[in-house]
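Enquirer: My questions will all concern the structure given below.
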Amino acid sequence: MEIETATLDKLKIVDERTGKSYDLPIENGTIRGTDLKKIKSSAEDPGLMVYDPAYMNTAACRSAITFIDGDKGILQYRGYPIEELAESCTFLEVAYLLLHGELPGEAENEEWTRQITYHTMLHESIKKFMDGFAYDAHPMGILVATVGALSTFYPDARNIHDEASRRTQIYRLVAKMPTLAAFAYRHSRGLPYAYPDNDLTYTQNFLNMLFKMTEVKYRPEPALARALDVLFILHADHEQNCSTSVMRAIGSSHADPFSAVAGACAALYGPLHGGANEAVLKMLAEIGTKDRVPAFIKEVKEGHGEKRLMGFGHRIYKNYDPRAKIIKRIADDVFAVTGKNPLLEIALELEKIALEDEYFVKRKLYPNVDFYSGIIYQAMGLPTSMFTVLFAIARTMGWMVQWEEMLLDPEQKIARPRQVYTGPGERHLAPLAKR
Ligand SMILES: CC(C)(COP(=O)(O)OP(=O)(O)OC[C@H]1O[C@@H](n2cnc3c(N)ncnc32)[C@H](O)[C@@H]1OP(=O)(O)O)[C@@H](O)C(=O)NCCC(=O)NCCS
């Protein structure tokens, strides 16, 4: 097969097996996978397919939500640079932007905030469900199970083709995820559940539900609430990552959004995705002191992929992750309140050495969003097991928006990749006694 010319709008392919040539239209820098089916070596041939494990170079959808240029280190939501949003907006404003495509005006912001605030309560039975988990259950495991269980409380969520119902489920999920997360944390600590406080903002209320003890009114530290708000903005969406692809795939079978979010959460749980910030902290603790950093880097290099520098590298960013830069800045605001996390020194030393080391430079491995976020969460008093849960709260907005975009896209169908079969050819079984 020879690819002869690629003009602006079509790609000419000559099939050397048959001598036939094909013109495939190019749109938005892509050819359609199904156009390749026309290329056949014989009448029985089902046609050419694309073999692309892990979807390294396959666009599975059109999306108007998030733009990333990994080589330049650019991240934009609906066209707005992440730096500007993190500087000037609240998480709920950004959530509204992701959903509606435009930032809210004052009245819209007020109504949106009111809706989210008034959907934060959980059915009391969810508390009983939570009580059934072992005292040391991982909160991410609890979250996966309880958010899935919510689908049984909201059977109306199955009306996925009804716009008003979809909107209600978005309010519910965005509002209830912090409550589920905080309850999972309180369960692991053996503490009574703290109910939402509607006087507080989204992140202030989350801190309230996590940390309220015997005081009548919990007063969150403004710098910590703002830092958490910014971290939520940075994690809100990231186009077609592993968990978002799972959300779209489950949603494509027309399952209800609570079940789909449970699946997306499960994908996020893995250490190569949302579990990385927890893995970073474990790695920093294992290194222990700054002087042991060079030996650790040596082990990673000699491990040839077996041992990784967690929080480094990204499928898309081959430059400094723009989110990591913002996080590094807000770390200072947090440490001014909490005191410095001693692991920061080790992280800074790791970054310094890795950014100069040929192994990492050659492979374009830079710190990603997870490299510093865990250090901040730990300084705020959160256990490492909660880090991925925090990611899930913020990413729920992205999941819901991507889910709705998928449902409204007339080109989307149930997700169903193809395969290249490599097993035995047809054969016939022998009776049990003769095998
Ligand atoms: C994020 C990640 C899964 C992306 O993986 P990917 O795009 O499939 O990249 P690959 O696994 O093909 O890695 C490319 C090369 O860099 C190396 N590499 C990638 N990430 C590395 C890391 N964190 N530490 C050391 N080496 C790494 C691989 O071993 C491979 O080297 P090779 O070419 O000699 O085989 C990967 O970089 C990783 O595992 N990072 C650590 C986990 C993490 O921080 N995840 C959070 C993502 S936000």
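The values are calculated or read from the model by the stated rules, or taken from the named source; none is laboratory data. Computed from a predicted model, the values in this text were never measured in an experiment. For neighbour counting, all protein chains shown are included, and Cβ atoms are generated from backbone atoms with ideal geometry for every residue, glycine included. Accessible surface areas use protein heavy atoms only, side chains included; no ligands, DNA or RNA. Shrake-Rupley method; radii C 1.70, N 1.55, O 1.52, S 1.80 Å.
Enquirer: Quick one: net charge around residue 190, please, counting Lys, Arg +1 and Asp, Glu -1 for every other residue with C-beta under 13 Å from its C-beta. Could the numbers behind the result be given before it?
Expert: Numbers: positive: 186, 189; negative: 131, 136.
Net charge in that neighbourhood comes out at 0.
Enquirer: Taking the Cα centre of the range 11-51 as origin, sum charge times position over the Cβ atoms of Lys and Arg (+1) and Asp and Glu (-1), and report the length of that vector in debye to the nearest 20. Write out the running numbers ahead of the final one.
Expert: Numbers: 7 positive and 7 negative charges, 6 e Å.
In total the dipole reaches around 20 debye.
Enquirer: Please state the Cα pair-distance histogram of the range 303-363 with 10 angstrom bins from zero: what percent is in each bin?
Expert: Cα pair-distance distribution for the range 303-363, in percent: 17, 49, 27, 7.
Enquirer: Next up: Suppose R0 equals 25 Å; then what is the FRET efficiency for residue 12 and residue 60 from their Cβ-Cβ distance, rounded to the nearest 0.05?
Expert: Efficiency, from the Cβ-Cβ distance: 0.50.
Enquirer: Then there is this: Which listed residue (57, 34, 79) has the Cα farthest towards the positive end of the charge dipole for the range 30-86, taking +1 on Lys and Arg C-beta and -1 on Asp and Glu C-beta about the Cα centre?
Expert: 34
Enquirer: Compute the long axis of helix 139-153 from its Cα atoms, compare it with the longest principal axis of the Cα atoms of the chain, and write down the angle in degrees, 0 to 90, nearest 10.
Expert: 80 degrees
Enquirer: Follow-up question, since we're still on this one. Residue by residue, what Karplus-based ³J(HN,Hα) values in Hz, rounded to whole numbers, does the range 222-233 have, using 6.51, -1.76 and 1.60 with θ = phi - 60° and x for Gly and Pro?
Expert: Once θ is set to phi - 60°, the couplings for the range 222-233 become x, 5, 6, 5, 5, 4, 5, 4, 5, 4, 5, 4 Hz.
Enquirer: Residue by residue through the range 374-387, which ³J(HN,Hα) values in whole Hz follow from phi under the Karplus form 6.51 cos²θ - 1.76 cosθ + 1.60 (θ = phi - 60°), with glycine and proline marked x?
Expert: Going residue by residue, I get x, 5, 5, 4, 5, 4, 6, x, 8, x, 4, 5, 8, 4 Hz, with x marking Gly and Pro.
Enquirer: So, one more: Please list 3J(HN,Hα) in residue order for the range 284-292, calculated via the Karplus relation 6.51 cos²θ - 1.76 cosθ + 1.60 where θ = phi - 60°; whole Hz, with x for glycine and proline.
Expert: Per-residue couplings from phi come out as 5, 5, 5, 5, x, 9, 4, 5, 8 Hz.
Enquirer: Using 7 Å Cα-to-Cβ label points, what is the residue 336/residue 364 separation (nm, one decimal)?
Expert: With each label point 7 Å from Cα toward Cβ, the separation is 3.6 nm.
Enquirer: Follow-up question, since we're still on this one. I'm a student and want to see the number: the projected area of the Cα convex hull of the range 208-252, averaged over all directions, in nm². Before the final figure, lay out the partial values.
Expert: Working: hull surface 19.4 nm².
Projected over every direction and averaged, the Cα hull of the range 208-252 covers 4.8 nm².
Enquirer: Related question: Taking amide hydrogens as modeled 1.01 Å from N in the peptide plane, which residues meet the under 5 Å criterion relative to residue 11, leaving out close sequence neighbours?
Expert: So residue 11 has HN proximity to 24, 26.
Enquirer: Let me ask something additional. May I ask for the angle, rounded to the nearest 10°, between helix 257-269 and the longest principal axis of the chain, with both axes built from Cα atoms and the value confined to 0 to 90°?
Expert: For helix 257-269, the angle is close to 90 degrees.
Enquirer: Determine the alpha carbon to alpha carbon distance for each of 290/340; 298/325; 298/340 and list only those over 20 Å.
Expert: 298/325; 298/340
Enquirer: To the nearest 10 square angstrom, what accessible area does residue 44 show with a 1.4 Å probe?
Expert: For residue 44, solvent-accessible area is about 150 Å².
Enquirer: Once the principal axes of the Cα atoms of the range 148-296 are found, what is the range along each, listed largest first in whole angstroms?
Expert: If we take the Cα atoms of the range 148-296, the spans are 59, 43, 28 Å.
Enquirer: Given the convex hull of the Cα atoms of the range 19-77, what is a quarter of its surface area in nm²?
Expert: On the way: hull surface 23.5 nm².
For the range 19-77, the mean projected area of the Cα convex hull comes to 5.9 nm².
Enquirer: Antiparallel as a % of all DSSP beta bridges within the chain, to the nearest 5? Write out the running numbers ahead of the final one.
Expert: Details: 17 of 17 bridges.
Here the antiparallel bridges make up roughly 100 percent for the chain.
Enquirer: Net charge around residue 382, counting only other residues with Cβ within less than 13 Å of its Cβ (Lys, Arg = +1; Asp, Glu = -1)? Let's see the in-between values first.
Expert: On the way: positive: 186, 189; negative: 278.
Net charge in that neighbourhood comes out at +1.
Enquirer: Could you give me the radius of gyration and the Dmax of the chain, taking only the C-alpha atoms into account and expressing both in angstrom?
Expert: According to the Cα coordinates of the chain, Rg and Dmax are 24.3, 81 Å.
Enquirer: If you place +1 on the Cβ of every Lys and Arg and -1 on the Cβ of every Asp and Glu, how big does the dipole about the Cα centre of the range 235-380 come out, in debye to the nearest 20? Provide the component values of the computation, followed by the final result.
Expert: Numbers: 19 positive and 19 negative charges, 58 e Å.
Taking the Cα centre of the range 235-380 as origin, the dipole is about 280 debye.
Enquirer: While we're on this one: Treating only the Cβ atoms of Lys and Arg (+1) and Asp and Glu (-1) as charged, compute the dipole magnitude of the chain about its Cα centre; round to the nearest 20 debye.
Expert: Details: 51 positive and 57 negative charges, 287 e Å.
In debye, rounded to 20, the chain gives about 1380.
Enquirer: Please find the FRET efficiency linking residue 320 to residue 118, where r is the Cβ-Cβ separation and R0 is fixed at 45 Å, and quote it to the nearest 0.05. The partial results should precede the final answer.
Expert: On the way: r = 40 Å, r/R0 = 0.89.
That pair, residue 320 with residue 118, gives E of 0.65.
Enquirer: 222 nm [θ] for the chain, helices only, -39500 (n - 2.57) per DSSP H run of 4+, per residue, to 500? Provide the component values of the computation, followed by the final result.
Expert: Values: 17 runs with 218 residues, N = 435.
Calculated mean residue ellipticity at 222 nm is -16000 deg cm²/dmol.
Enquirer: Could you give the Stokes-Einstein D for the range 18-159 in µm² per second, using the C-alpha Kirkwood radius, 10 °C, 1.306 mPa s? Let's see the in-between values first.
Expert: Numbers: Rh = 20.8 Å.
Taking Rh from Cα pairs, D becomes 76 µm²/s.
Enquirer: If you filter the range 278-355 for GluC sites (Glu not before Pro), then keep DSSP loop positions with at most 16 other Cβ within 10 Å, what is left? Mind dumping the intermediate values first?
Expert: Working: sites: 278, 286, 299, 302, 306, 345, 349, 351; in loops: 306.
Of the GluC sites (Glu not before Pro), the ones in loops of the range 278-355 whose Cβ has at most 16 other Cβ atoms within 10 Å are 306.
Enquirer: Moving to a separate point now. Which of the lysines could a cross-linker span from residue 217 if the Cα-Cα distance has to be under 27 Å and same-chain partners fewer than 8 positions apart are dropped?
Expert: Straight-line reach from residue 217, under 27 Å: 127, 128, 176.
Enquirer: Which three extents, in whole angstrom, do the alpha-carbon atoms of the range 209-363 cover along their principal axes, largest first?
Expert: For the range 209-363, the Cα extents along the three principal axes come out at 47, 46, 25 Å.
Enquirer: Also, I was wondering about something else. Run through the range 70-140 and list the chymotrypsin sites (Phe, Trp or Tyr not before Pro) located in a DSSP loop whose Cβ has at most 12 other Cβ atoms within 10 Å.
Expert: Taking the range 70-140 and a limit of 12 other Cβ atoms within 10 Å, the loop chymotrypsin sites (Phe, Trp or Tyr not before Pro) found are 118, 135.
Enquirer: Taking K and R as +1 and D and E as -1, what net charge do the other residues with C-beta under 15 Å from the C-beta of residue 64 add up to?
Expert: On the way: positive: 62, 78, 248; negative: 102, 237, 239, 404, 405, 409, 411.
The answer is -4.
Enquirer: For the range 263-343, just run the numbers: alpha carbon Rg, then divide by 2.2 N^0.38 Å, N being how many residues it has. Before the final figure, lay out the partial values.
Expert: On the way: Rg = 14.6 Å, N = 81, 2.2 N^0.38 = 11.7 Å.
So the range 263-343 has a normalised radius of gyration of 1.25.
Enquirer: Hey, what angle do you get for helix 343-356 against the long axis of the chain, alpha-carbon based, 0 to 90 degrees rounded to 10?
Expert: Helix 343-356 and the main axis of the chain meet at about 30 degrees.
Enquirer: Counting other Cβ atoms within 10 Å of each Cβ, which chymotrypsin sites (Phe, Trp or Tyr not before Pro) in the range 334-435 have at most 15 and sit in a DSSP loop?
Expert: Numbers: sites: 335, 359, 360, 371, 372, 377, 387, 391, 399, 403, 421; in loops: 421.
Here the sparse-neighbourhood loop sites are 421.
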